[in-house]
Amino acid sequence: MGRSSYPTDEELQLTKPANSKKPAKTTAQSPTNDNSDDGTLPPKRANMVEAIIMGLRFYSRLPTGNQNHHEFNFAAMVRPLALPSLIIGVGPAFILLMLTVFGASPLFAAAVAVALSAIITGAMAEDAFADAMDGLFGGQTIEQKLEIMHDSRHGTYGTLGIVIPFVLRMICLGTLVAVAPIAGVAIWLASGVLARSGATWIAQQLPPARADGLSANAGILPARACYFGIALSIAVSFALMVPFVGLGRWIIALLVSAIVLVLWRQMLVRLIGGQTGDTIGAAQLILEIAILSSFIFGMGL
């Protein structure tokens, strides 16, 4: 991930400090998300509370206290990721509802809510999407694409990658809350939960495309953790969406998000042969837009 606003390796404890002892040589293995300190002992398993706090610290700038958790464990964080996603989304969703109920223009309310969401998350997905657009479409070779993606500066593709997703979400949310404010807010909350957990599927399906960076250090996400997290996000989205939109529209939203995710995976395979942290963050933003868009056609809420 290109920008300095992202959690650093030291903050997340993805790498060992310089004064730590070197691990004994072991047989080379494919990267996995075991996050063991010395290459031989498994890490202490994070409990549910620790995993939720880990998710809040990774995906947001919300205050979580000063108590340190044990070493960063991507797999442990992904399992209950739907819960931190709900916490992250509640504030912007509430502002969207209040502004709409008290007579603000739906587009104005949506713009304020999306901006607040970016502030809370540190614009993590937005920056990842911009970096991914610059790299994937600005370079000619895989090496050039990865080098551009790693650069924190944004070119034309990256700038458009910030503006266009913001506008699309603003239009989708404004359209939804103009018709049914409570339903629109519930859909947005659920789309954020599904998108954040669904994006982790890329980390489970594809190997890191680069030898360094957050994604490379985290390794390949274990299937059990990934699918547990996705299943929990689907359950949460069911509770949020179905009472307002019905079972059929909920299923359509899931199908749309699955198709978009598979297409994104295939594009990454073709363009860079793997994934990076930026492409995972971009997947989150793409999924959120796809899910929201699936509800504005027909408007049969």
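The values are calculated or read from the model by the stated rules, or taken from the named source; none is laboratory data. All of these numbers come straight from a predicted model, not from anything done at the bench. Cβ sites come from the backbone with ideal geometry, for glycine too, and all protein chains shown count toward neighbours. Just so you know, the surface numbers come from the protein's heavy atoms only, side chains and all, with ligands and any DNA or RNA stripped out. Shrake-Rupley method; radii C 1.70, N 1.55, O 1.52, S 1.80 Å.
Sort out which residues of segment 87-108 are over 19 Å from A178 (Cα atoms) and crowded, with 18+ Cβ neighbours inside 10 Å, and write them in order of number. Across segment 87-108, the qualifying residues are I88, G89. The condition of being within 18 Å of the chain's Cα centre (by Cα), under 30 Å from V49 (Cα atoms) and aromatic (F, W, Y) holds for only one of F166, F74, that being F74.
Quick test for you: out of L173, L168, pick the one residue that is among the hydrophobic types (A, V, I, L, M, F, W, C) and surrounded by fewer than 18 Cβ atoms within 10 Å (Cβ to Cβ). Break it down stepwise before answering.
Details: L173 fails: surrounded by fewer than 18 Cβ atoms within 10 Å (Cβ to Cβ).
On inspection, the qualifying residue turns out to be L168.
If the condition is being hydrophobic (A, V, I, L, M, F, W, C) and in a helix (DSSP H, G or I), then segment 77-91 contributes M77, V78, A82, L83, L86, I87, I88, V90.
Listed by position, the helices (runs of 4 or more DSSP H) contained in segment 155-235 that have at least 1 residues being farther than 30 Å from E143 by Cβ, of a type outside the set (V, I, T) and out of contact with any Asp or Glu (no Cβ under 8 Å at 6 or more places or on another chain) are 156-179, 181-205.
In segment 131-146, the residues that are within 12 Å of T279 (Cα to Cα) and part of a helix (DSSP H, G or I) reach residues that are among the acidic types (D, E) and open to solvent by 30 Å² or more (accessible area, probe 1.4 Å) with C-beta atoms within less than 9 angstrom, at least six apart or across chains, in these pairs: D131/D151; D134/D151; G135/E147; G135/D151. Of all residues in segment 265-287, those that are in a helix (DSSP H, G or I) and either more than 24 Å from G55 (Cα to Cα) or open to solvent by 20 Å² or more (accessible area, probe 1.4 Å) (or both) total 10.
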